[in-house]
Amino acid sequence: MAVSIQKKPGRSWLLTFQAMENIVNFLAEVNKLKKMKRTGFVWLEVKNPETIAQHCFRVAIMNWILAKKVFPLLDLEKIIKISLSHDLCEVYTGDMTPYWGLLPKDKEKRKEILKDWIRLPKPVKEKRAKEKFKKEKAGLDKLIKPLPSETKKEIMNYWLEYENLDSKEGRFTKQGDKIETLLQAHEYWGSDMDSPLKGWWEEVEDLIDHPVLLDFLNRIEEKFCKRNIKDNQELEFFLKIGKLKQMVRGGWLLRGVENGSTVAEDAFLLAIVIWLLGKRKKLNLEKMLKMALVYEICEVYAEDKTPYEKILPKDKRERKEILDKWPRFLESVKKKRFIEDYKEEKKSLNQLVSGLPENLRKEIICLWDDCKRRRTLEGNFVNQIYWVTMMMQALRYRIKDKSFPITGWVEQMKEFIDDPVALEFLNALYKKYPIG
């Protein structure tokens, strides 16, 4: 099934399309972060530990919301971008923790060492930091090499600001990153301070100095260490959002994909794509990045429904035949189904954000509503790019498994996608992942 979008092959368009192909190649590499488990949790034998992509998703949404408390002292768009890009180098370097190269092979000895924050002589510490920086910078250079020069420079500069703590946004993001890891550790081990939690606490206490983050750290301590139940609604919100890290997408489950991508992983990649393509739209990029992050957070309570939900039979063979086609409904039926799903999802979203400050609660609901209903140019663009990124993941599964049903996805793209930038992106995807 050859699929393409016809364009006049003028020189300017060909140059633009080559840039789009390079972006697709970049994203194919970034997509690997969806399956790369975070090293520290792997070493500590956490069952099904989070991936780098899952971590970056919550870092981005957490830093945005916490930084909002001191806006406009901090640039929120920049905070989100640094949060999204701070671990991109790990596509090639892996997750290099402060313990890399220092741990014994014996599991029990390793666990014992990991209980404490690592203490090294200053010269050794500085030498190791330089080696790590050099390796990670080389990894990032390699990753972003195919991107347009302006985007390449932007990503590298943000990563340097994060690493060197030489901007207020870079420093805030790095501190928030460490706190998110501490929070995840508490989700794995609860309040068991005989676990490796002590080491993470020592690390964050050495680094954190921003008043907003110190206050949030105190809330974590109140909940997990002192077990003092207070009004920690923001903390509870971030804990609930954490459930999306392990929530596999319903569409992949329906199609029998093993280890399918999760809601958090897909949200991370969507935000990266919006960053790269959103500039070409000359729209409000900060707004679109926020939309990408909140687009599916309602699924903390709502199911990840698909258009096939109410029409699939129990027989596996019949199910496969239906899944390989885009379901066709009368306009009246489609409208009714959309309204039903919309109401259910909005109810779930209201439940999720109910404890947040009013201005933040309203912002999240408005961003989500705009995107779901395509009320603005920004909402329409994010909505279309969302579906195209889902198509990208489907095409990747098709490469691994030729029996993966793809026809329905192709038909869906023809029905929904009409934005010029989204169409260029889609065409570049079809070239990289030919359907045959």
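Some observations on this one:
- Residues of region 50-77 satisfying the condition of being surrounded by fewer than 21 Cβ atoms within 10 Å (Cβ to Cβ) and in contact (Cβ under 8 Å) with a residue 24 or more places away in the chain: Lys68, Lys69, Val70, Leu73, Asp75, Leu76, Glu77
- Considering Thr407, Thr376, the condition of being out of contact with any Pro (no Cβ under 7 Å at 6 or more places or on another chain) and farther than 27 Å from Val248 by Cβ is satisfied by Thr376 alone.
- Top-ranked residue in region 139-149 [being touching a residue at least 24 places away in the same chain (Cβ under 8 Å) and assigned to a helix (DSSP H, G or I); ranked as surrounded by the most Cβ atoms within 10 Å (Cβ to Cβ)]: Leu140
- Failed item, numbered, when Asp369 is tested on (1) of a type outside the set (S, T, N, Q); (2) surrounded by 18 or more Cβ atoms within 10 Å (Cβ to Cβ); (3) assigned to a helix (DSSP H, G or I): (2)
- Index of the failed condition, Ala264 passing every other in (1) over 26 Å from Ile155 (Cα atoms); (2) in a helix (DSSP H, G or I): (1)
- Test for Trp117: is it within 17 Å of Phe41 (Cβ to Cβ), in contact with a Leu (Cβ under 8 Å, 6 or more places away or on another chain), at pLDDT below 95 and of a type in the set (Phe, Trp, Tyr): no
- Of the residues in region 163-176, not one is under 25 Å from Gln351 (Cα atoms), among the hydrophobic types (A, V, I, L, M, F, W, C), part of a helix (DSSP H, G or I) and touching a Leu at 6+ places or on another chain (Cβ under 8 Å).
- Residue within region 83-92 that is farther than 30 Å from Lys325 by Cα, in the same structural domain as Lys198 (by TED's automatic domain parsing), surrounded by 15 or more Cβ atoms within 10 Å (Cβ to Cβ) and at pLDDT below 95 present: no
- Test: Glu187 is surrounded by fewer than 17 Cβ atoms within 10 Å (Cβ to Cβ), in a helix (DSSP H, G or I), free of Cβ contacts under 8 Å to residues at least 24 places away in the same chain and on the phi < 0 side of the Ramachandran plot: no
- For Arg255, the conditions (1) of a type in the set (Lys, Arg); (2) at pLDDT 95 or above; (3) assigned by TED's automatic domain parsing to the domain that holds Ile364 are fulfilled apart from (2).
- Region 247-272: number of residues that are aliphatic (A, V, I, L, M) and surrounded by fewer than 23 Cβ atoms within 10 Å (Cβ to Cβ): 5
- Tally of residues being farther than 30 Å from Arg227 by Cβ, small (Gly, Ala, Ser) and surrounded by 22 or more Cβ atoms within 10 Å (Cβ to Cβ) across region 150-184: 1
- Residue in region 51-62 that is more than 18 Å from Leu289 (Cβ to Cβ) and not aromatic (Phe, Trp, Tyr) present: yes
- Residue pairs whose Cβ atoms lie under 6 Å apart, separated by 6 or more positions or on different chains, with the first residue in region 387-410 and under 28 Å from Arg374 (Cα atoms) and the second modelled with pLDDT of 90 or more and among the charged types (D, E, K, R), are Ile406/Arg398.
- Close pairs from region 340-362: first within 15 Å of Glu234 (Cα to Cα) and in contact (Cβ under 8 Å) with a residue 60 or more places away in the chain, partner among the aromatic types (Phe, Trp, Tyr) and in a helix (DSSP H, G or I), Cβ under 8 Å, at least 6 apart: Leu352/Phe237; Val353/Phe237; Gly355/Phe237; Leu356/Phe237
The values are calculated or read from the model by the stated rules, or taken from the named source; none is laboratory data. From a predicted model like this one, the values you see are computed outputs, not experimental measurements. With ideal geometry, Cβ positions are generated from the backbone for all residues, glycine too; neighbour counts draw on all protein chains shown.
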